[in-house]
Amino acid sequence: MKIKYRNRHLNINLALGLMWMIWFLVVYFTSEEIRWSEYGLGLFSLIYFAFYVYQRNNKYLTIADGWVKVNSPFGKKLKLDEVQRIRKFAGDYILKTDKKELVINTKIIDSESLKDLDTELQKLDVTWY
């Protein structure tokens, strides 16, 4: 099961990428001489576009084969049967094992996917606090 990002979260990355790209193009076409630092504007736009495409294609979370994984380049991964406690704090789910902790930010999760996540977490026989 894949837990999707909220569309607003994705659209913000797209809008920031467009903003940086427009700013870069304005500077590029209106300046007589472009400094090397102004190419950073184009780089920022590419980074935000890359975030947008990555998040659109890979979703936020994957729950499959007894694992929950945050789909980011350095995302954490937990085995669901090792989860001992789940804490809901400030809108986040904090899944805890003996050695690890995984924080799931529910503010950036699509509302339909959040229902699916709640259902999956309720299936676990763990302590909620």
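Side notes on the structure shown:
- Placing R0 at 35 angstrom, the Cβ-Cβ distance between Asp65 and Ala90 gives a FRET efficiency of 0.75 after rounding to 0.05.
- Counting Lys and Arg as +1 and Asp and Glu as -1 over every other residue whose Cβ lies under 10 Å from the Cβ of Lys77, the net charge comes to +4.
- Here Thr30 sits with roughly 100 square angstrom of accessible surface, probe radius 1.4 Å.
- Calculated translational diffusion coefficient of the chain (4 °C, 1.567 mPa s; Stokes-Einstein with Kirkwood radius over alpha-carbon pairs) equals 77 µm²/s.
- 13 Å tail of the calculated P(r), region 38-90, as % of Cα pairs: 70
- Under 13 Å between alpha carbons - lysine pairs in the chain that sit 8 or more apart or on different chains: 24
- Heavy atoms of Tyr60: accessible area, 1.4 Å probe, square angstrom to 10: 20
- Accessible surface of the chain, 1.4 Å probe: 58 percent of it comes from carbon and sulfur atoms.
- Taking all protein chains together, Arg56, Arg8 sort by accessible area into Arg8, Arg56, largest first [probe 1.4 Å].
- The HN-Hα couplings worked out from phi for region 91-107 by the Karplus form 6.51 cos²θ - 1.76 cosθ + 1.60 (θ = phi - 60°) are x, 10, 9, 10, 9, 10, 10, 5, 10, 10, 9, 10, 9, 10, 7, 7, 6 Hz, whole numbers, x standing for Gly and Pro.
- The residues of the chain expose, per residue, 67 Å² of accessible area to a 1.4 Å probe.
- Assigned charges on the beta-carbon of Lys, Arg, Asp, Glu; region 1-98 dipole about Cα centre (debye): 700
- Probe 1.4 Å - accessible area at Val53, Å² to nearest ten: 80
- Fully extended contour minus Cα-Cα distance, from Glu38 to Asn7, at 0.36 nm per residue: 8.1 nm
- Mean ellipticity per residue at 222 nm, deg cm²/dmol - from DSSP H runs of n ≥ 4 across the chain, formula -39500 (n - 2.57): -15000 deg cm²/dmol
The values are calculated or read from the model by the stated rules, or taken from the named source; none is laboratory data. The structure displayed is predicted, hence computed values, not measured ones. Positions of Cβ are backbone-derived with ideal geometry, glycine not excepted, and every protein chain shown enters the neighbour counts. Note: accessible area is taken over every heavy atom of the protein model, side chains too, but ligands, DNA and RNA are not part of it. Shrake-Rupley method; radii C 1.70, N 1.55, O 1.52, S 1.80 Å.
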